[in-house]
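Below is one structure, written out as structure tokens; the observations come after it.
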Amino acid sequence: MDDYRKIKLIILDVDGTLTDGGLWYDSQGNEIKHFDVKDGLGIKVALENGLQFAIITGRESPIVTHRVEELKIQHIRCGVQIKYPAMKKLLHELGLFPEEVCYIGDDWNDMQCMESVGLKMCPANAANEIKRICDYVSKNNGGHGAVRNCIEFILTKRDEWEKSCKKSYFSNND
């Protein structure tokens, strides 16, 4: 990609990307997920820099819905087994072209979406087939700051990361 300013939307997978991909259950059978706060802050910074976010995930989960609401991500599609048609519909609704989209995913069910967008990214522990098609492979594993690392990469290429780091919520300067 030569102009990262073309990116208007970042689509995220959840399990293995925003989480470590593990399925954790408590003794009552309730699902538990681990999210990295660094990913959350990265999303906040990207939103403040005008990027939009969407979630397309294969699983239905109230935990994911809660986290997405906390992060103020406006577009969420849960329980989507075949992601490409859902992504195409979302892009149509938002009036975006595939080349204006970054997709961050980690496994085969993300591949069709990733192959069609302008910027493809993945966590360090993504499936090898996904790593091979990506423009950028994070140095971090899914659920351990991979999304933050990808966002930092994009915003650095757009000359927006350093300016964001100087804002008051990143420093003690009042």
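The values are calculated or read from the model by the stated rules, or taken from the named source; none is laboratory data. All values reported here derive from a predicted model rather than from experimental measurement. Every residue, glycine among them, receives a Cβ derived from its backbone with ideal geometry; neighbour counts consider all protein chains shown. All accessible areas refer to the heavy atoms of the entire protein, side chains included, with ligands and DNA or RNA removed. Shrake-Rupley method; radii C 1.70, N 1.55, O 1.52, S 1.80 Å.
Only one of the numbered conditions (1) of a type in the set (S, T, N, Q); (2) modelled with pLDDT of 95 or more; (3) closer than 21 Å to Glu129 by Cβ is not met by Thr57, and that is (2). The number of residues in region 145-159 that are touching a residue at least 40 places away in the same chain (Cβ under 8 Å) and either under 12 Å from Leu18 (Cβ atoms) or of a type in the set (A, V, I, L, M, F, W, C) (or both) comes to 8. Scanning region 122-142 for residues that are buried (at least 23 other Cβ atoms within 10 Å of the Cβ) and either free of Cβ contacts under 8 Å to residues at least 24 places away in the same chain or small (Gly, Ala, Ser) (or both), which turns out farthest from Gly21 (Cα to Cα)? It comes out as Ser138.
Mind listing whichever residues of region 44-58 are farther than 20 Å from Leu155 by Cβ and out of contact with any Leu (no Cβ under 9 Å at 6 or more places or on another chain)? First the steps, then the outcome.
First, pick out the residues of region 44-58 that are farther than 20 Å from Leu155 by Cβ: 56-58.
Matches in region 44-58: Gly58 only.
Say whether the condition of being of a type in the set (Asp, Glu), part of a loop (DSSP other than H, G, I, E, B) and modelled with pLDDT under 95 is met by at least one residue in region 127-149. Break it down into steps so the answer makes sense when it comes.
Here is the first cut: in region 127-149, the residues of a type in the set (Asp, Glu) are 129, 135.
So of that shortlist, the ones also part of a loop (DSSP other than H, G, I, E, B) come out as 135.
Narrowing the set further to residues that are modelled with pLDDT under 95 leaves none.
No: zero hits.
Look at Tyr169 and say whether it is of a type in the set (Ser, Thr, Tyr), modelled with pLDDT of 95 or more and open to solvent by 20 Å² or more (accessible area, probe 1.4 Å). For Tyr169, the condition - of a type in the set (Ser, Thr, Tyr), modelled with pLDDT of 95 or more and open to solvent by 20 Å² or more (accessible area, probe 1.4 Å) - is not met. Glu160 meets the conditions (1) open to solvent by less than 40 Å² (accessible area, probe 1.4 Å); (2) over 21 Å from Trp108 (Cα atoms); (3) modelled with pLDDT of 95 or more in every case but one. The failed one is (3). The number of residues in region 65-98 that are under 16 Å from the mean Cα position of the chain (by Cα) and acidic (Asp, Glu) comes to 2.
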